[in-house]
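First up is the structure itself, then whatever we jot down about it.
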Amino acid sequence: MNVPIRVDSMKEAEQFSAICKEFPCTLMLKSGRYCIDPKSTLGVLAMMYAARDHMYLDINDLDETLYPQFMTAIANYRVAEA
């Protein structure tokens, strides 16, 4: 499942990355042909500045019991799909 994400500042990138680090699963932040580990603050910053398209968080590896908790934790970074 791909969740549309928006990160607009260095502070948001740090906070978003910190949230992702709390969950023991493989997450991937994607935009166009690029894909990075969102647990890397530097990676999130690079994607934020380089992404010309929307960013999507691939959460396919997320355990279904953690799904509600994770979605609540990233609520401030989720955007409605166009």
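The values are calculated or read from the model by the stated rules, or taken from the named source; none is laboratory data. Just so you know, these numbers come straight off a predicted model, no measurement behind them. No Cβ is skipped: glycine too gets one built from the backbone with ideal geometry, and neighbour counts run over all protein chains shown.
Of note, residue 12 does not satisfy the criterion of being in contact (Cβ under 8 Å) with a residue 40 or more places away in the chain and either touching a Pro at 6+ places or on another chain (Cβ under 9 Å) or surrounded by fewer than 14 Cβ atoms within 10 Å (Cβ to Cβ) (or both).
Only residues that are in contact (Cβ under 8 Å) with a residue 12 or more places away in the chain and in a loop (DSSP other than H, G, I, E, B) were counted in region 36-57, giving 7. Quick check: anything in region 39-57 among the acidic types (Asp, Glu) and either surrounded by 13 or more Cβ atoms within 10 Å (Cβ to Cβ) or at pLDDT 95 or above (or both)? Looking for residues that are among the acidic types (Asp, Glu) and either surrounded by 13 or more Cβ atoms within 10 Å (Cβ to Cβ) or at pLDDT 95 or above (or both), one finds none in region 39-57, hence no.
Of all residues in region 10-31, those being touching a helix residue (DSSP H, G or I) at 6+ places or on another chain (Cβ under 9 Å) and either under 18 Å from residue 54 (Cβ atoms) or hydrophobic (A, V, I, L, M, F, W, C) (or both) number 13.
Scanning region 15-38 for residues that are small (Gly, Ala, Ser) and more than 23 Å from residue 72 (Cβ to Cβ), we see that the one that is surrounded by the most Cβ atoms within 10 Å (Cβ to Cβ) is 31. Within region 16-31, being more than 15 Å from residue 60 (Cβ to Cβ) and touching a strand residue (DSSP E or B) at 6+ places or on another chain (Cβ under 7 Å) holds for one residue alone: 31. Residues that are within 12 Å of the chain's Cα centre (by Cα), surrounded by fewer than 16 Cβ atoms within 10 Å (Cβ to Cβ) and in a helix (DSSP H, G or I) within region 58-82 comprise 71, 75, 76, listed in sequence order.
Evaluating residue 65 against the criteria (1) in contact with a helix residue (DSSP H, G or I) (Cβ under 9 Å, 6 or more places away or on another chain); (2) more than 16 Å from residue 2 (Cβ to Cβ); (3) free of Cβ contacts under 8 Å to residues at least 12 places away in the same chain leaves one unmet condition, (1).
Taking region 2-35, which residues are in a loop (DSSP other than H, G, I, E, B) and on the phi < 0 side of the Ramachandran plot? Full working, then the answer.
Step one: filter region 2-35 for residues in a loop (DSSP other than H, G, I, E, B), giving 6-9, 22-27, 32-33.
Answer for region 2-35, where residues must be in a loop (DSSP other than H, G, I, E, B) and on the phi < 0 side of the Ramachandran plot: 6, 7, 8, 9, 22, 23, 24, 25, 26, 27, 33.
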